[in-house]
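First comes the structure, then the notes that go with it.
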Amino acid sequence: MAASQQESAIRTSNTARVLIYLLLLLFAFFYLLPLFVMGVNSVKPLSEITGGNMMALPEVWTLEPWRKAWSEAQVGVQATGLKPYFWNSIKMVVPAVFISTILGALNGYVLTKWRFRGDTILFGLMLFACFIPFQIVLIPMARVLGIFGLAGTTWGLVLVHVVYGIGFTTLYFRNYYAAFPTELVRAAQIDGAGFFQIFWRIMLPSSGPIIVVSVIWQFTNIWNDFLFGASFADFSSQPMTVALNNLVQSSTGVKEYNVHFAGAILAALPTLLVYIVAGRFFVRGLMAGSVKG
């Protein structure tokens, strides 16, 4: 009797597991369907898209849409291909992610290991900054960039994203450092280590999981941003998201959907690669931060 009940429970468990997997596969199918449509149609001639089934595989495979999306010739003062704007995004994202991550680590270190009067109020204000909508800061930020002479430049966009991202990176590192053994910091102080020595030699080397979280979060937000790029960049410093919009809008007459699909994949490819390579570390880092917080 007990054996039959156990077998019945095992069968029920296996059935439930199969149903869960089937449901997850269904969700994954619907989630990945737009990516499939974009990928398939980006290697089709335009005639197969306008006069055929967008879900069908190409009858004639071609990489010409990708070439046009990446490096089409310049028209007037603005290039219609994405290549120069891809490098603009790289020059914007790399320093912005690095600076905001380092500053967030320093802030988290100070707010947990070098407590001072009003530190909780300061942290609350920085946390509040995470919830300020982008639109509210457009006019003040434009004024600040004009004063510093950074309007319309890549470094102006770097400043914007660093300022807007510090609240998030501070939150991550502050939660992660909250349960870091304070005794190690005190022991280092007794041995004569200073503020930055403790930070570089003790705190930062142990911060791998939360650094990954900060880098992925900032990279994704900055790379995918459109509003700041459209508001504060000129033709020579526009990021890739703005250039993709211009690529779509620049089409006259018949819309080159295959080129647009290829451009959209090119714009999304860096963040997709980051999540494929480091996605599991992102989840681990978030869990570590939540436990330590």
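Just Asn258, Asn53, Asn107 to compare: in a GNM of the chain, with alpha carbon springs under 10 Å, which one fluctuates most?
Looking only at Asn258, Asn53, Asn107, the largest GNM fluctuation is found for Asn53.
Considering only protein heavy atoms, what is the solvent-accessible area of Val212 at a probe of 1.4 Å, reported in Å² to the nearest 10?
Surface open to solvent at Val212 totals about 40 Å².
With every protein chain left in place, what is the accessible area per residue of the chain in square angstrom, probe 1.4 Å?
That works out to 57 Å² per residue.
Any chance you could list the semi-axes, whole Å, largest first, of the equivalent ellipsoid that the Cα gyration tensor gives for the chain, using √(5λ)?
The answer is 41, 35, 15 Å, longest axis first.
Longest span of the chain, sites excluded, free of trypsin sites (Lys or Arg not before Pro) in DSSP loop with at most 14 other C-beta atoms within 10 Å?
Between exposed loop sites, the widest span is 118-254.
For the chain, set up a Gaussian network in which alpha carbons nearer than 10 Å are linked by springs, and say which option among Phe27, Phe235, Phe134 fluctuates the most.
Phe27
What lysines sit close enough to Lys255 to cross-link, taking a C-alpha to C-alpha distance under 27 Å and skipping anything fewer than 8 places away on the same chain?
Counting by Cα, and skipping residues close in sequence, Lys255 has these lysines nearby: Lys44, Lys68, Lys83.
Please compute the modelled spin-label separation between Leu63 and Tyr31, points set 7 Å along Cα→Cβ, answer in nm with one decimal.
3.0
Which value results when the Cα radius of gyration for region 119-235 is divided by 2.2 N^0.38 Å?
Compared with the compact-globule rule of thumb, region 119-235 sits at 1.31.
Can you give me the Kirkwood hydrodynamic radius for region 56-147, using every pair of distinct Cα atoms, in Å to one decimal?
Computed over region 56-147, the radius equals 18.1 Å.
Per DSSP helix of 4 or more residues, -39500 (n - 2.57); summed, then divided by the residues of the chain. What does that give at 222 nm, rounded to the nearest 500?
-24000 deg cm²/dmol
Give the carbon-plus-sulfur fraction of the accessible surface of the chain in %, rounded to a whole number; probe 1.4 Å, heavy atoms of protein chains only.
Accessible surface attributable to carbon and sulfur in the chain totals 70 percent.
The values are calculated or read from the model by the stated rules, or taken from the named source; none is laboratory data. Keep in mind the model is a prediction, meaning the values are calculated, not measured. As a convention, Cβ positions derive from the backbone with ideal geometry for all residues, glycine included, and neighbour counts pool all protein chains shown. Note: accessible area is taken over every heavy atom of the protein model, side chains too, but ligands, DNA and RNA are not part of it. Shrake-Rupley method; radii C 1.70, N 1.55, O 1.52, S 1.80 Å.
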